[in-house]
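S.K.: Structure in structure tokens, see below.
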Amino acid sequence: KLISIASRRLQSQSYVINTKIPEYDKFVSTFPYVETDDQLNAIQDVINDFSKMIPSDRLIVGDVAFGKTEVILRAIFLAAKSNIQSIVIVPTTLLSRQHYENFSKRFEIFNIKIAEVSRLISQKEKNRIFAECKKGNIQILVGTHALLSDKLEFKKLGLIIYDEEQKLGTLQKEKLKNIAPKAHV
């Protein structure tokens with residue numbers, strides 16, 4: 001099954017993620033720190049991945065507090081402004097909440113819709129979020145394993161991010177690739 005998923009991804013075309021978004025420089029300017037060379041290289045690598053016409057897989061490694069989240073934010077920004085949905089799956093409720101709050105602050109002035117799904121979110125609210133994702137009204141969905149629900153559908157999922165991916169099982173990661181074979185991961 002893993003080979004079949006990988007084969008299908010390699011034979012498909014990815015969604016087009018525009019890397020020449022006029023607002024991108026304004027978004028970048030909201031980063032309150034100076035980027036490291038490693039961050040800038042990783043960001044450029046991701047942008048290069050977006051220019052390819054096949055789904056890509058990229059692993060970004062770094063110590064805690066060395067700026068991996070900024071790489072994620074810039075990728076998600078480009079995807080959202082290209083009308084492509086993104087999902088960020090994390091291993092803990094605490095990290096889910098931190099990302100949701102930080103992402104919300106960075107994206108609020110750019111009219112990008114974001115939601116969170118974890119055990120802290122009521123079932124009624126999850127159902128509403130799932131319905132909005134299916135319509136394409138939520139561009140970024142952050143959450144825990146709750147995002148692996150069979151009820152969750154997307155209009156145009158094109159970017160899947162596993163934060164702390166080593167804490168997720170292979171089958172869990174492949175499940176999302178299977179439902180979004182055109183996605184960059």
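S.K.: Is there a residue in the stretch 4-13 that is of a type in the set (A, V, I, L, M, F, W, C), in a loop (DSSP other than H, G, I, E, B) and either open to solvent by 70 Å² or more (accessible area, probe 1.4 Å) or at pLDDT 95 or above (or both)?
M.R.: No, every residue in the stretch 4-13 fails to be of a type in the set (A, V, I, L, M, F, W, C), in a loop (DSSP other than H, G, I, E, B) and either open to solvent by 70 Å² or more (accessible area, probe 1.4 Å) or at pLDDT 95 or above (or both).
S.K.: Hey, another quick one. Could you list, in sequence order, the residues of the stretch 130-167 that are aliphatic (A, V, I, L, M) and either part of a strand (DSSP E or B) or closer than 22 Å to D49 by Cα (or both)? Write out each step before concluding.
M.R.: Residues of the stretch 130-167 aliphatic (A, V, I, L, M): 131, 138, 140-142, 146-148, 152, 157, 159-161.
Once the filter is applied, which keeps residues that are aliphatic (A, V, I, L, M) and either part of a strand (DSSP E or B) or closer than 22 Å to D49 by Cα (or both), the stretch 130-167 yields I140, L141, V142, L157, L159, I160, I161.
S.K.: While we're looking at this one, here's another question. Residue by residue through the stretch 67-89, note down the ones that are touching a strand residue (DSSP E or B) at 6+ places or on another chain (Cβ under 7 Å) and in a loop (DSSP other than H, G, I, E, B). Give the derivation first.
M.R.: Residues of the stretch 67-89 touching a strand residue (DSSP E or B) at 6+ places or on another chain (Cβ under 7 Å): 72, 75-76, 79-80, 84-89.
Answer for the stretch 67-89, where residues must be touching a strand residue (DSSP E or B) at 6+ places or on another chain (Cβ under 7 Å) and in a loop (DSSP other than H, G, I, E, B): just I84.
S.K.: With the requirement that a residue be basic (K, R) and open to solvent by 40 Å² or more (accessible area, probe 1.4 Å), what does the stretch 126-150 give you?
M.R.: Start the filter on the stretch 126-150 by keeping residues that are basic (K, R), which leaves 126, 128, 134-135.
Once the filter is applied, which keeps residues that are basic (K, R) and open to solvent by 40 Å² or more (accessible area, probe 1.4 Å), the stretch 126-150 yields R128, K134, K135.
Residues checked against (1) among the small types (G, A, S); (2) touching a helix residue (DSSP H, G or I) at 6+ places or on another chain (Cβ under 7 Å); (3) buried (at least 20 other Cβ atoms within 10 Å of the Cβ):
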position	(1), (2), (3)
I84	no, no, yes
P91	no, yes, no
K124	no, no, no
L152	no, yes, yes
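S.K.: If you check D49 against the conditions, is it of a type in the set (D, E), in contact with a His (Cβ under 8 Å, 6 or more places away or on another chain), within 18 Å of V185 (Cβ to Cβ) and touching a residue at least 12 places away in the same chain (Cβ under 8 Å)? Walk me through how you get there before you give the answer.
M.R.: Working: of a type in the set (D, E): yes; in contact with a His (Cβ under 8 Å, 6 or more places away or on another chain): yes; within 18 Å of V185 (Cβ to Cβ): yes; touching a residue at least 12 places away in the same chain (Cβ under 8 Å): yes.
Criteria met by D49.
S.K.: Further question: Name the residues in the stretch 105-129 that are charged (D, E, K, R), free of Cβ contacts under 8 Å to residues at least 40 places away in the same chain and part of a helix (DSSP H, G or I), would you?
M.R.: So the first thing to find is which residues in the stretch 105-129 are charged (D, E, K, R), and the list is 105-106, 108, 113, 116, 119, 124-126, 128.
Cutting the leftovers down to free of Cβ contacts under 8 Å to residues at least 40 places away in the same chain gives us 105, 108, 113, 116, 119, 124-126, 128.
The answer is K105, E108, K124, E125, K126, R128.
S.K.: Still on this structure, I have one more. Please work out which residue is modelled with the lowest pLDDT, limiting yourself to the stretch 21-61 and to residues that are surrounded by 14 or more Cβ atoms within 10 Å (Cβ to Cβ) and small (G, A, S).
M.R.: S56
The values are calculated or read from the model by the stated rules, or taken from the named source; none is laboratory data. Here the structure is a predicted model, which is why all the values come from computation and not from measurement. No Cβ is skipped: glycine too gets one built from the backbone with ideal geometry, and neighbour counts run over all protein chains shown. These accessible areas exclude ligands, DNA and RNA; they are computed on the full protein's heavy atoms, side chains included. Shrake-Rupley method; radii C 1.70, N 1.55, O 1.52, S 1.80 Å.
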